[in-house]
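Coordinate-derived values only; no laboratory data. Keep in mind that what you see is a predicted model, and the values were worked out from it rather than measured. Cβ atoms come from the backbone with ideal geometry, glycine included; neighbour counts cover every protein chain shown.
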């Protein structure tokens, strides 16, 4: 039984790590929680009956979140809108030193939710990581150019962690409190519709 599932879509694995950290923080506060890939069999056949709140995390690439996250949100929109929910958008822009880049990441995160008809209680932009050692030659070259422009790390011989894990734990605890307090369940009848 899972009271707060943390669904995620990932490209290079950082969003999975973030989803797992959110689930860990929720469990540490007494919530039954675990992370689920939206493309997995478990993600497709998840039992929503015991759920009191939900998280969806997706990463931003070239101005878009994964299609699998979009499809998942559309498929479960009634459920997501019927309970406390949280959208976590993972991107390198969230770590930018440029205010306009961070603002653009926030706009894209909100646009994702609006685009699928979702009104989450929380929307957060979380910095990802530069996984240079995992990228193809072209992706590594491209990401290094972006990092140089943004004042980020350009050493391609190693990966660079940009996620603020302490801040993520605090955000997770806040969302857990939202769920305990039953933050404005919009329409409980929607939940029963499946």
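Quick one: 77, 22, fewest Cβ neighbours within 10 Å first, how do they rank?
Working: 77 15, 22 27.
Least to most surrounded, the residues fall as 77, 22.
Please determine, in degrees from 0 to 90 and to the nearest 10, the orientation of helix 14-28 with respect to the longest principal axis defined by the Cα atoms of the chain, where the helix direction is its Cα long axis.
The helix 14-28 is inclined about 40 degrees to the chain.
Write down the percent of antiparallel bridges among all DSSP beta bridges whose residues are both part of the chain, to the nearest 5.
Values: 4 of 23 bridges.
Here the antiparallel bridges make up roughly 15 percent for the chain.
Connecting C-alpha atoms closer than 10 Å in a GNM of the chain, tell me which of 117, 30, 53 has the biggest fluctuation.
Maximum fluctuation in the GNM of the chain, among the listed residues, is at 30.
Treating the angle as unsigned and between 0 and 90°, give the value, to the nearest 10°, between the Cα long axis of helix 99-116 and the longest Cα principal axis of the chain.
Helix 99-116 sits roughly 40 degrees off the main axis of the chain.
What residue among 133, 11, 70 shows peak mean-square fluctuation when the chain is described by a Gaussian network model with Cα springs under 10 Å?
Among 133, 11, 70, the largest mean-square fluctuation in the Gaussian network model of the chain belongs to 133.
Would you kindly calculate the mean projected area, averaged across all directions, of the convex hull enclosing the Cα atoms of the chain, in square nanometres? Intermediate values should be presented prior to the final figure.
Working: hull surface 42.2 nm².
Mean orientational projected area (the chain, Cα hull): 10.5 nm².
Arranged by the count of other C-beta atoms within 10 angstrom, fewest first, what order do 138, 175, 7, 87 take? Write down the numbers at each step before the final one.
Details: 138 8, 175 29, 7 23, 87 26.
Result, fewest neighbours first: 138, 7, 87, 175.
Could you check which residue among 35, 67, 21 shows the biggest mean-square fluctuation in a GNM of the chain with a 10 Å Cα cutoff?
67
Which order results if 16, 149 are arranged by neighbouring Cβ count within 10 Å, fewest first?
Details: 16 19, 149 11.
So the ranking, lowest neighbour count to highest, is 149, 16.
For the Cα atoms of the chain, what angle does the longest principal axis make with the long axis of helix 137-150, in degrees from 0 to 90, nearest 10?
It is inclined by approximately 90 degrees.
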